[in-house]
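See structure below.
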Amino acid sequence: MTLIKSISGIRGTIGGKSGEALTPLDIVKFTAAYATFIQKNLGEKDKKIVVGRDARLSGKMVHQIVTGTLTGMGFDVIDIDWATTPTTELAVTEENAAGGIILTASHNPKQWNALKLLNANGEFLNAEEGEEILRVAEAEDFVFSSVEEIGKITRKQYLHAHIQHVLSLELVDVEAIKAANLRVAVDAVNSVGGIAIPELLYALGIKEVFKLHCSAHGNFSHNPEPLPQNLTELAALMKSSKADAGFAVDPDVDRLAIYCENGDPFGEEYTLVAVSDYILRHTPGNTVSNLSSSRALSDVTESHGGKYYAAAVGEVNVVAKMKEVNAVIGGEGNGGVIYPASHYGRDALVGIGLFLTHLAKSGKKTSELRATYPNYYMSKQKIELTPDIDTDSVLAALKDKFKDEKVTDIDGVKIDFPDKWVHLRKSNTEPIIRIYSEAKSHDEAENIGREIIEMIKKLN
């Protein structure tokens, strides 16, 4: 059993002992700590919190505990029940709520669940705020409300509002999508995307939608992370259905993977690249992604006369950098599209609307559109941390060894060579050092990663 408490929330496996897994006692304690934090920083916002969840099997149980705890802390709850993460984010601002909680373990398997915490802007809490909640939770420094002050629960549905929001975006051209007469396949891994994505596609004018794992029962039919090794059925469906484009999402629908008409993956790194290319054609400006994302975004940004910026890994860091440099588009290389004209959160629905507009207006097949972007290959490796490995010393030594190259140290150490890069960072959730690398060929990317691993071994 696993329980991980971090500045970004609490997550763990369901069942087991308190403190060792995500049990009802842990859920109550962390929810109460969050409510205490929100109460302290309420300001002029209404004393209410939006709660949404994905369709995983433990969702209803966790949902009942969270909403009960919040009302017990004196907060009114806007219960939107089954909802995507970006839907919940949008609902927070629409409701003038003081915050929001999303019950989802994102791409983790079905035995996991988690509480993702939002501020009054519908954005994830920053590190300092997360630390404060952890402190309150550990101290159990919270006070529940008297019977006269118990909050109430109001149930609402926000999916339709989210879809209308996507349709209203200036750069989503519904008429162009309709005119292209596209056929689209979807793998929604048996979660809320199975409801949201087909409904969005029909609203965008897609007449033929081929559905795969769109029953939202939460018993995921395959590993829910939208990676090629988990999407073989979608690849086969693309060929058999003769669909023009395919989409796969994770259980909370903030990551978007695209498939070409020939069954080939578009590449998770290239979701953001393609959408950014389209946005930059119409809205020149800057872009942001995290340090472990593809160099292709930088290439595309510069080709449009903009400037690319890198942020530390983590959505909250990407959003902060986007605001700092006034980026017109940004996100993460895992298929996370953040479009400020919509909201500051990864949103697969927004990504689909923008991508289909781009595809329709290009007049190209999906594979032909992919071929217009620079080809890079990424390798993701890791080294297990043992007691004799001092991570800080390792990173400092590598930073010094490659001091003649472009080195960035805002999150671990990233070394940019002229034709490739490698990024090392200590995992926040596992006792490992992650080593991501990218080059013009798969072998080159693998080799630079392995070379770094050998260097680390020799340092200890």
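The numbers here are math on the coordinates, done by the rules we state, and not lab data. This one's a predicted model, so the numbers in the text were calculated from it and none came from an experiment. A quick note on method: Cβ atoms are made from the backbone with ideal geometry, for glycine too, and the neighbour counts reach across all protein chains shown.
Quick notes on this structure:
- Given charges at Cβ of Lys, Arg, Asp, Glu: the stretch 1-148 dipole, positive-most of GLY15, THR93, GLY59: GLY15
- Distant-in-sequence amide contacts of ARG53, defined by a placed amide H-H separation under 5 Å and a gap of 5 or more residues or a different chain, comprise ASP81, TRP82, ALA83, LEU103.
- Total formal charge among the other residues, if their Cβ is under 10 angstrom from that of ALA296, Lys/Arg +1 and Asp/Glu -1: -3
- Checked against a 29 Å cut-off, the cross-linked pairs LYS47/LYS323; LYS29/LYS156; LYS29/LYS323; LYS116/LYS399; LYS47/LYS307; LYS17/LYS380 give Cα-Cα distances beyond that limit for LYS29/LYS323; LYS116/LYS399; LYS47/LYS307; LYS17/LYS380.
- Given charges at beta-carbon only (K, R positive; D, E negative), |dipole| of the stretch 162-370 in Debye: 380
- Rg to Rh quotient for the chain, alpha carbon positions, Kirkwood Rh: 0.97
- Summed side-chain charge close to ARG425 - residues other than ARG425 whose Cβ falls under 11 Å, Lys, Arg +1, Asp, Glu -1: +2
- Cα centroids of the stretch 130-169 and the stretch 251-269: 31 Å apart.
- Per-residue HN-Hα couplings for the stretch 310-318 [Karplus 6.51, -1.76, 1.60; θ = phi - 60°; Hz; x = Gly/Pro]: 9, 10, 4, 5, x, 4, 4, 6, 5
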